[in-house]
Amino acid sequence: MAHCIVPEAEAILDKEYPVLDKGFVRLVDYFGGDQRIVQSARVSYGEGTKTVSQDGALIDYLLRHQHTSPFEQVVMTFHVKMPIFVARQWVRHRTGRMNEVSGRYSIMKDEFYVPAEDKVSPQSTDNKQGRAAEAFDKKKADEIISKLEKGQKDAYEGYNELIESGLAREIARINLPLSLYTEFYWEMDLHNLFHFLKLRLDSHAQYEIRVYAEIILEICKKVAPMATESFINHMNEGVNFSGEEMRALRDIMDGKPNPLEGKKLERFNEKIRTGTQL
């Protein structure tokens with residue numbers, strides 16, 4: 001099998017999926033799919049020696065037992081547009097390869113992210129790095145949005161004036177805020193992409209990056225549907241238990257009291273209740 005063609009992936013190449021108020025995700029290219037995974041796992045077998053159900057079972061086995069190298073054979077390239085503060089979280093996934101628009105070479109566009117009213121929330125009281133679940137009332141949210149928009153407008157007008165005065169673009173850009181939109185090409189293999197999705201689809205991930213992850217998950221379903229289904233089942237919707245938690249589970253199944261106490265018991269119960277890895 002010299003080259004894998006996935007009709008569902010071909011159909012969405014270069015399709016723009018809108019995200020947030022001005023962002024998007026596009027699948028630019030892909031290499032391989034489910035068949036590439038099973039082919040690389042069964043390197044000594046020819047194409048067509050197994051049924052679709054057997055291929056799905058093999059992919060499920062590989063992912064469940066963390067045999068990761070066959071998933072690295074599938075690679076996707078995306079063109080993404082997002083606010084800079086989202087991009088700064090994105091690039092922490094260092095296994096991706098990226099090329100970003102440069103403010104040294106280009107005049108940055110007058111495009112800034114403005115959150116919707118229902119996403120303007122106070123600081124969470126129990127999560128130091130997140131927002132509360134409930135948004136501000138409409139009046140308060142509108143006031144905040146107006147201040148954000150004014151700051152963005154003033155910053156871009158100042159930037160434009162510095163550009164027109166002849167200042168170097170690489171200096172003129174330095175006062176632009178994190179809400180400015182940027183664009184880049186991003187390439188990652190499926191194994192590492194699943195790790196990215198596991199973290200960024202989590203309910204504790206920041207909303208603005210989570211919505212991008214949701215779109216990328218849908219694209220993965222087109223490129224490698226069997227692998228993505230296995231990822232959802234075992235990684236995204238599954239949880240891992242520590243050795244101590246496994247011993248507690250055995251005790252409970254044997255009719256014994258749960259030996260866990262305090263915070264350990266809270267975390268254990270939350271895993272059981274919500275399926276969330278804390």
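The values are calculated or read from the model by the stated rules, or taken from the named source; none is laboratory data. In this text the structure is predicted, and so the values were computed from the model without any measurement. FYI the Cβ positions are ideal-geometry reconstructions off the backbone, even for glycines, and counts take in every protein chain you see. When the accessible area is computed, the model is the full protein with side chains, heavy atoms only, and any ligands, DNA or RNA have been set aside. Shrake-Rupley method; radii C 1.70, N 1.55, O 1.52, S 1.80 Å.
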Which length gain, in nm to one decimal place, applies between residue 105 and residue 154 when the Cα-Cα distance is subtracted from 0.36 nm times their residue separation? 15.4 nm
On average, how much accessible surface per residue is there in the chain, in Å², for a 1.4 Å probe, leaving out ligands, DNA and RNA? 58 Å²
Summarise the accessible area of the chain (1.4 Å probe, protein heavy atoms) by the percent that is carbon and sulfur. 50 percent
I'd like the Kirkwood hydrodynamic radius of the stretch 127-223, using the inverse of the mean 1/r over distinct C-alpha pairs, in Å. 17.0 Å
Consider a paramagnetic label point 7 Å from the Cα of residue 64 along Cα→Cβ; state which residues of the stretch 229-258 have an amide N under 18 Å from it. 229-241
Entry for Kirkwood radius over Cα pairs in Å (calculated from the structure that is shown) out of (i) 19.7; (ii) 20.9; (iii) 21.8: (iii)
With all protein chains modelled, accessible area of residue 26 [1.4 Å, Å²]: 30 Å²
Across 15/81; 128/271; 22/138, pairs whose alpha-carbon gap is larger than 19 Å: 128/271; 22/138
How big is the dipole moment of the chain about its Cα centre under a simple scheme where the beta carbon of each Lys and Arg is +1, that of each Asp and Glu is -1, and everything else is neutral? Debye, nearest 20, please. 660 debye
Cα-based Rg and Dmax for the stretch 145-199, where Dmax is the largest Cα-Cα distance (Å): 17.1, 48
